[in-house]
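Heads up, the thing below is written out as structure tokens.
The values are calculated or read from the model by the stated rules, or taken from the named source; none is laboratory data. From a predicted model like this one, the values you see are computed outputs, not experimental measurements. Positions of Cβ are backbone-derived with ideal geometry, glycine not excepted, and every protein chain shown enters the neighbour counts.
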Amino acid sequence: MDIKTLKKTAGQMVAKGKGIIAADESAGTCQKRFDSVGVPCTEDNRRAYRETIIAAPGLEEYVSGIILFDETIRQETTDGERFSDVLAKKGILPGIKVDMGAKELALHAGEKVTEGLDGLRERLAEYKTFGTMFAKWRAVITIGEGIPSDACIHANAHAMARYAALCQEADIVPIVEPEVLIEGDHTIEQCYEASVAALKKTFEELAGQDVALEGTILKASMVIAGKKAAKQSSVEEVASETLRCLKESLPSALAGVVFLSGGQSDEQATAHLSAMNAGGKHPWPLSFSYARAIQSPVLKIWAENPNANVEKAREALLFRSRMNSLATMGKYSEEMEKERPY
């Protein structure tokens with residue numbers, strides 16, 4: 001483990017004014033996204049859409065890294081250049097999703113555990129040959145009647161810690177993502193409790209595996225009421241409760257926090273991040289690692305005419321990336337949405 005390399009990479013990932021785009025949707029998730037816009041989910045269409053994002057001129061101004069899927073990291077541009085090489089030339093770090101998805105947790109109905117540790121050391125070694133600098137592993141925590149259980153939180157935290165140790169062994173920065181799902185009718189208070197429990201256990205397990213926190217990034221959920229909750233959370237409540245949760249749960253040595261959008265609208269995700277950063281400095285940089293909250297308008301515009309709309313789609317991509325870049329500095333306002341090119 002080269003701690004200097006890990007620290008340097010982690011610092012680049014959360015550099016001032018920059019964040020991460022999650023473009024690591026599995027084939028199944030990609031199918032759903034493409035179906036929603038009426039585009040056949042063929043390998044070539046997936047490649048063309050990814051190129052629209054990865055090769056967008058000027059993206060490096062707002063984006064420090066892009067998380068890719070196994071298929072994507074092996075693909076090339078129409079000019080025959082590997083996607084990971086395109087990113088590296090632009091100064092954007094190539095990342096990779098390495099977990100194998102959330103599966104039913106035995107003896108715990110309604111809960112899941114993420115799999116993918118088998119053969120991970122060898123897969124990481126291969127991904128290094130593509131220039132991969134960081135990786136991501138996602139666990140899902142569901143709030144419901146009597147859940148999340150301690151068993152679910154522990155199983156996922158332990159797996160994440162073992163994954164993180166393998167990453168650091170390979171000089172790859174691990175992103176750990178214990179996502180507390182937004183689906184359901186839970187209150188913001190219930191979300192807070194579940195988030196604190198999941199985060200504390202995750203960092204306990206990371207310590208148990210001797211993972212260096214200064215070479216680790218947390219991909220965190222925001223503390224927010226469920227989508228079906230009778231009382232929805234305001235921007236101020238989400239910012240306040242999320243910060244309170246992080247301060248209660250995270251060690252100060254952690255390199256940084258990037259948030260997932262988790263079912264929020266594009267504008268909501270940006271507004272929440274900006275509100276958190278508007279109050280001044282925190283023990284860790286707070287940035288973004290959004291998928292849908294950046295890609296949603298991009299995919300819609302591209303899908304209308306995949307051959308002719310590449311530049312229009314890229315304008316939307318740069319706009320949303322710029323809005324989130326401003327949010328990392330607490331400088332975003334709703335008024336700015338009037339400038340959007342879509």
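Go through segment 42-70 and give me each residue that's surrounded by fewer than 16 Cβ atoms within 10 Å (Cβ to Cβ), touching a helix residue (DSSP H, G or I) at 6+ places or on another chain (Cβ under 8 Å) and without any contact (Cβ under 8 Å) to a residue 60 or more places away in the chain.
Once the filter is applied, which keeps residues that are surrounded by fewer than 16 Cβ atoms within 10 Å (Cβ to Cβ), touching a helix residue (DSSP H, G or I) at 6+ places or on another chain (Cβ under 8 Å) and without any contact (Cβ under 8 Å) to a residue 60 or more places away in the chain, segment 42-70 yields E43, E60.
Looking at segment 315-335, can you tell me whether even one residue there is outside any helix (DSSP H, G or I), within 22 Å of S36 (Cα to Cα) and among the polar types (S, T, N, Q)?
No, the conditions are met nowhere in segment 315-335.
Could you give me the residue pairs with C-beta distances under 9 Å whose first residue belongs to segment 310-330 and is free of Cβ contacts under 8 Å to residues at least 40 places away in the same chain and surrounded by fewer than 21 Cβ atoms within 10 Å (Cβ to Cβ), whose second residue is assigned to a helix (DSSP H, G or I) and among the aromatic types (F, W, Y) wherever it lies, and which are 6+ apart or on separate chains?
That search, which allows pairs on different chains as well, returns K312/W302.
Mind checking which residues of segment 27-41 are under 21 Å from the mean Cα position of the chain (by Cα), loosely packed, with under 13 Cβ neighbours inside 10 Å and either at pLDDT 95 or above or over 16 Å from T72 (Cα atoms) (or both)?
Within segment 27-41, just K32 meets the criteria.
Among the residues of segment 232-255, which ones are surrounded by fewer than 20 Cβ atoms within 10 Å (Cβ to Cβ) and in contact with a helix residue (DSSP H, G or I) (Cβ under 8 Å, 6 or more places away or on another chain)?
Within segment 232-255, V235, E236, E237, L243, R244, E248, S249, P251, A253 qualify.
Looking at segment 169-184, I want the residues that are in contact (Cβ under 8 Å) with a residue 60 or more places away in the chain and closer than 23 Å to S64 by Cβ and have a partner that is hydroxyl-bearing (S, T, Y) and in a strand (DSSP E or B) with Cβ atoms under 9 Å, at least 6 apart or on another chain. Which pairs are those?
Close Cβ pairs (under 9 Å, with a partner that is hydroxyl-bearing (S, T, Y) and in a strand (DSSP E or B)) amount to I175/S289; E177/S289.
Looking at segment 283-298, which of its residues are of a type outside the set (S, T, Y), surrounded by fewer than 22 Cβ atoms within 10 Å (Cβ to Cβ) and either assigned to a helix (DSSP H, G or I) or at pLDDT below 95 (or both)?
R292, P297
Which one is farthest from K16 (Cα to Cα), of the residues in segment 235-261 that are among the small types (G, A, S) and not in a helix (DSSP H, G or I)?
Ranking the qualifying residues of segment 235-261, first place goes to S261.
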